[in-house]
1. Taking the dipole about the Cα centre of the stretch 162-310, with the C-beta of Lys and Arg at +1 and of Asp and Glu at -1, give me whichever of 283, 182, 304 is farthest to the positive side.
2. Using each residue's phi in the stretch 183-195, evaluate 6.51 cos²θ - 1.76 cosθ + 1.60 at θ = phi - 60° and report the 3J(HN,Hα) Karplus result to the nearest Hz, with x for Gly and Pro.
3. Compute for the chain: radius of gyration divided by Kirkwood radius, i.e. Rg/Rh, restricted to C-alpha atoms, rounded to two decimals.
4. Taking the highest mean first, how do the peptides 184-192, 62-70 order by number of other beta carbon atoms within 10 angstrom per residue?
5. Under 18 Å from the Cα of residue 154, which lysines turn up, not counting those fewer than eight places away in the same chain?
6. For the stretch 1-87, what is the charge dipole size about the Cα centre, in debye to the nearest 20, if Lys and Arg each add +1 at the Cβ and Asp and Glu each add -1 at the Cβ?
7. Counting only residues 5 or more places away or on other chains, whose amide H sits under 5 Å from the amide H of residue 9 once H atoms are built in the peptide plane?
8. Identify the GluC sites (Glu not before Pro) of the stretch 152-235 meeting these criteria: DSSP loop state and at most 15 other C-beta atoms within 10 Å of the C-beta.
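Where a number appears in this text, it was derived from the coordinates with a stated rule and is not lab data. Computed from a predicted structure; not experimentally measured. Cβ sites come from the backbone with ideal geometry, for glycine too, and all protein chains shown count toward neighbours.
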Amino acid sequence: MRFEVTTLGTGAALPARGRFPSAQLLNIHERLHLVDCGEGTQERLRQAEVNFNRIGTVFISHMHGDHYLGLMGLLSTMHLNGRLDELLVYGPPELREVIDVQLRASRTFLRFPLRIHVAPHENGTKLFEDPYVQVSTLRLDHRIPTTGFLFREKPHQRRLRQERLVDIPHYARNAVKCGEDLHLPDGTVVANEELTFDPLPPRSYAYCSDTAYAPELLDHIRGVDLLYHEATFTEAMAGRASETRHSTAKQAAMIARDAVVGRLLLGHFSSRYKNSTVLLEEALPIFPRTQLSNEGETFRIEPHIPVQRT
Ligand SMILES: [Zn+2]
């Protein structure tokens, strides 16, 4: 089942040719989640051929315009498209007010239920869960309260051993996948470990934008499979990064290395860098498994299939 991130925008606050501001689309077991929604997100979604009405949840990290100014347009399109399904939005406390005033001014009464919840500026608060994933908060260090998001896949069921399938009656398969021993009508009991392999380890993704270098995050994102970390500046601009509470590419790589993550995706590039490879080059010596989160590209987290002992 899918666990993947599609980059819709990688720009920072000022417009840059060929880059859109922050937005990402997550597909987790065919459920779609939007993370940040800068201007132009609708156009990016169209390019990616995404049906807007499939998006069930939206997570907004903070109230800087390059992270949420596309949201009103998206809500409006969902309304015009006749959406009826509920939409859940998680974001800063001010977000509700900003949306309400715009709906009121245009006398728009949305056809679909819009549920806006506050994402607190703290670590580890559970925001959302569905059968496949749980989402919790990360406390980032920026000029205004900014919350990152940690997506953790729910634990999988145990995997049936193909060669033993014939021994497991259909009615008992779910129980066996849940870890129970098999009780047959004749009284025989077959131990679960004879019939199954361990479940696949759950996958995880952390979204950290915008933030200064924040080693206090390490304990909260340790070991995630994929980390998105902003990299607004190069090391030559480290002073500016600290002043504006952003990170350099090197600092992003240090966080990835120290949190022992699987892979690092860099984004939120300042418009001064026409070519973002200069940022990648600063990160690679510190954390080799780094990639640029190029717009339109999809980054998959594959299931980790452990070596099986039979
Ligand atoms: Zn910001």
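1. The listed residue farthest towards the positive side: 283.
2. Those phi angles translate into 9, 8, x, 7, x, 5, 10, 10, 5, 4, 5, 6, 10 Hz.
3. Computed over Cα atoms, the ratio is 1.04.
4. On the way: 184-192: 9.7, 62-70: 21.4.
In descending order of packing, they fall as 62-70, 184-192.
5. Once the sequence-local lysines are set aside, what remains near residue 154 is 126, 177.
6. Details: 8 positive and 9 negative charges, 32 e Å.
Here the size comes out at about 160 debye.
7. Under 5 Å from the amide H of residue 9 lie the amide H atoms of 23, each far enough along the sequence or on another chain.
8. Numbers: sites: 153, 163, 180, 193, 194, 216, 230, 235; in loops: 180.
Filter output for the stretch 152-235: 180.
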